[in-house]
Amino acid sequence: MFSITLFSEFLIGFFNFSLIGELILIPTVTFISLLYFYADYNKQKEGYLAVSKFLNSLLSIVGISILIYVVYKVITNGKDLISISNLKSFLFSPLFTLFFIPIVYLIVVFMKYEDIFGNLNRSQFINRKRKLKIKILFLFFGNINLKSLDNAKEITIWNKNELNNEEKLMNYIRKRIRYTEH
């Protein structure tokens with residue numbers, strides 16, 4: 001769960017340059033990065049490959065210089081790192097990510113249900129009572145399984161007549177949602 005990237009990001013964020021240093025460094029590195037991306041995008045053209053390599057080397061030197069600065073600060077001011085406040089700050093990012101993933105998943109599930117119910121509501125040939133029954137069956141058999149919800153969406157797009165005419169609606173939906181392979 002913890003990686004070198006997380007640790008190095010914390011250290012680089014903890015030890016800042018002076019305000020003047022930041023005001024000079026950030027726009028300069030941003031401008032060099034933009035030049036690098038432009039040169040790298042056009043490296044098929046004559047001269048751009050050399051410029052791309054030069055700017056990549058320049059960005060590498062800047063990155064290594066920042067890393068050396070951080071290592072120097074850790075060695076000289078290592079006592080400042082060890083505190084409960086810094087531990088909380090260090091653990092905040094992975095914990096936030098860990099708690100954010102289920103929220104994103106539930107938003108995707110909600111959006112899929114919104115698509116399914118929107119497709120179903122646009123059907124003029126199915127009466128309101130039957131639509132409600134179909135929605136409840138989709139919720140029951142689809143749950144939060146994304147593959148099942150994709151199958152339910154396929155049913156609402158391509159098989160609306162079958163939903164209207166099917167006598168054993170529950171068996172039809174259960175079979176089509178859970179066991180359909182695309």
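The values are calculated or read from the model by the stated rules, or taken from the named source; none is laboratory data. What you see is a predicted model; the values in this text were computed from it and never measured. Note that we place each Cβ from the backbone using ideal geometry, even for glycine, and neighbour counts take in every protein chain shown. Note: accessible area is taken over every heavy atom of the protein model, side chains too, but ligands, DNA and RNA are not part of it. Shrake-Rupley method; radii C 1.70, N 1.55, O 1.52, S 1.80 Å.
Per residue, how much accessible surface does the chain expose to a 1.4 Å probe? Answer in Å², no decimals. It amounts to 74 Å² per residue over the chain.
Set the Förster radius R0 to 25 Å, insert the Cβ-Cβ distance between residue 97 and residue 35 as r into 1/(1 + (r/R0)^6), and round the FRET efficiency to 0.05.
Between residue 97 and residue 35 the formula returns 0.20.
Only protein atoms count toward the accessible area here, which uses a 1.4 Å probe; on the chain, the carbon and sulfur part of that area reaches 67 percent. When only Cα pairs below 8 angstrom with a gap of at least 6 residues are kept, the chain shows a relative contact order of 16 percent. Helix 48-76 axis versus longest C-alpha principal axis of the chain: approximately 80°, rounded to the nearest ten. Relative to the first principal axis of the alpha-carbon coordinates of the chain, what is the inclination of helix 19-41, with its axis defined by its Cα atoms, in degrees from 0 to 90 and to the nearest 10? In the chain, helix 19-41 runs at an angle near 60 degrees to the longest axis. Within the same chain, lysines fewer than 8 places from residue 129 are excluded, and of the rest, those with a Cα less than 27 Å from its Cα are 112, 147, 153, 160, 168, 175. Every helix of 4 or more DSSP H residues in the chain counts as -39500 (n - 2.57), and over all residues that averages to -27000 deg cm²/dmol at 222 nm.
The length gained on full extension between residue 64 and residue 25, counted as 0.36 nm times the residue separation minus their Cα-Cα distance, comes to 12.7 nm.
For residue 11, put the label point 7 Å out on the Cα→Cβ axis and report which residues of region 58-77 keep their amide N under 12 Å from it. Within reach of a label on residue 11, which here means backbone N under 12 Å from a point 7 Å along Cα→Cβ, region 58-77 contributes 66-77.
Helix 169-179 sits at what angle to the longest principal axis of the chain, using alpha carbons and giving 0 to 90 degrees rounded to 10? The angle comes out at about 30 degrees. Report note on the peptides 116-125, 169-178, 55-64: ranked by the mean count of other C-beta atoms within 10 Å, highest first, their order is 169-178, 116-125, 55-64. The length gained on full extension between residue 128 and residue 106, counted as 0.36 nm times the residue separation minus their Cα-Cα distance, comes to 5.2 nm.
Between the alpha-carbon centres of region 73-121 and region 124-153 there is a gap of 31 Å.
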